[in-house]
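Enquirer: One structure coming up, written as structure tokens, with questions to follow.
The values are calculated or read from the model by the stated rules, or taken from the named source; none is laboratory data. Nothing here was measured: the structure is a model prediction, and the numbers come from that model. We place every Cβ from the backbone using ideal geometry, glycine too, and count neighbours over all the protein chains shown.
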Amino acid sequence: MLYTRKGDTGTTKLFDCPQGVRLSKSAAVFTALGTLDELNCALGFAKALAKKSRDMLGIFGRRTAYHAIIERLQDILFVVQAELGGSAMHPGKADIQFAELIVHEVETLLPPVNSFIIPGGGETGAYLDVCRTIARRAERTVLIAVEKEQRPVSAETLQFLNRLSSVLYALARFANYQEGYSERRPAYE
């Protein structure tokens, strides 16, 4: 069944809630969990768009398709959500290294960024930019839950969330590059 009726009064629980204790759905932790879920769904749409894109070279010494990279990021986000919900699991150093490797690989293939870039270009790049902004909001909402409600999360989780927007920015740039779109700086007029 897709509903339990237990949340009809505006409460729910987390993995680490004591027996019989329910929390208001308005708590900061649920805003953070909802934003992470929104990001994961947005990444699902980006993954569907990315299946049209060519493969990216060089990740872990082999060709790795965009949609496979995005799916791995989604898997890591599920771990972040579980941790925020009270599970003992959390992203590991390998997850952070994966994110950093993607950024590094793209930086070796494209010219360095020395200005803001107007978002857009192709479908995949434009939607990865949307995902990037959601990732930044997700990071902020997790920090609010940590600070306001003392929700424990690992240093690796905070590091991964910080890297995630950089990964998505790099992937958006690369997708636009592959599709032949030139980066344009704002005119500031």
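Enquirer: Of everything in segment 17-33 that's under 24 Å from the mean Cα position of the chain (by Cα) and touching a residue at least 24 places away in the same chain (Cβ under 8 Å), which residue is farthest from Val142 (Cα to Cα)?
Expert: Only one residue fits best here, namely Ala27.
Enquirer: Quick one: would you say Leu36 is at pLDDT 95 or above and surrounded by 13 or more Cβ atoms within 10 Å (Cβ to Cβ)?
Expert: Taking the combined requirement at face value, the residue satisfies it.
Enquirer: Does segment 71-89 hold any residues that are more than 19 Å from Leu143 (Cβ to Cβ), of a type in the set (Asp, Glu) and surrounded by 14 or more Cβ atoms within 10 Å (Cβ to Cβ), and which are they?
Expert: Glu71
Enquirer: Just to be sure before I move on: is Tyr181 part of a helix (DSSP H, G or I) and closer than 25 Å to Ala50 by Cβ in the structure I sent?
Expert: So Tyr181 does not fit the description; no.
Enquirer: Something else: Report, ordered by the first and then the second residue, all pairs with beta carbons closer than 8 Å, sequence separation of six or more or different chains, a first member in segment 95-115 that is closer than 19 Å to Leu73 by Cβ and in contact (Cβ under 8 Å) with a residue 12 or more places away in the chain, and a second member that is among the acidic types (Asp, Glu) and surrounded by 16 or more Cβ atoms within 10 Å (Cβ to Cβ).
Expert: Asp95/Glu156; Ile96/Glu156
Enquirer: Turning to a different aspect of this structure: Checking the structure you have, find out if any residue of segment 90-110 is surrounded by 15 or more Cβ atoms within 10 Å (Cβ to Cβ) and within 23 Å of Ala27 (Cα to Cα).
Expert: Taking every residue of segment 90-110 in turn, at least one turns out to be surrounded by 15 or more Cβ atoms within 10 Å (Cβ to Cβ) and within 23 Å of Ala27 (Cα to Cα).
Enquirer: Moving to a separate point now. Could you say which residue among Thr133, Thr157 is surrounded by fewer than 20 Cβ atoms within 10 Å (Cβ to Cβ), at pLDDT 90 or above and within 12 Å of the chain's Cα centre (by Cα)?
Expert: Exactly one of Thr133, Thr157 is surrounded by fewer than 20 Cβ atoms within 10 Å (Cβ to Cβ), at pLDDT 90 or above and within 12 Å of the chain's Cα centre (by Cα), namely Thr133.
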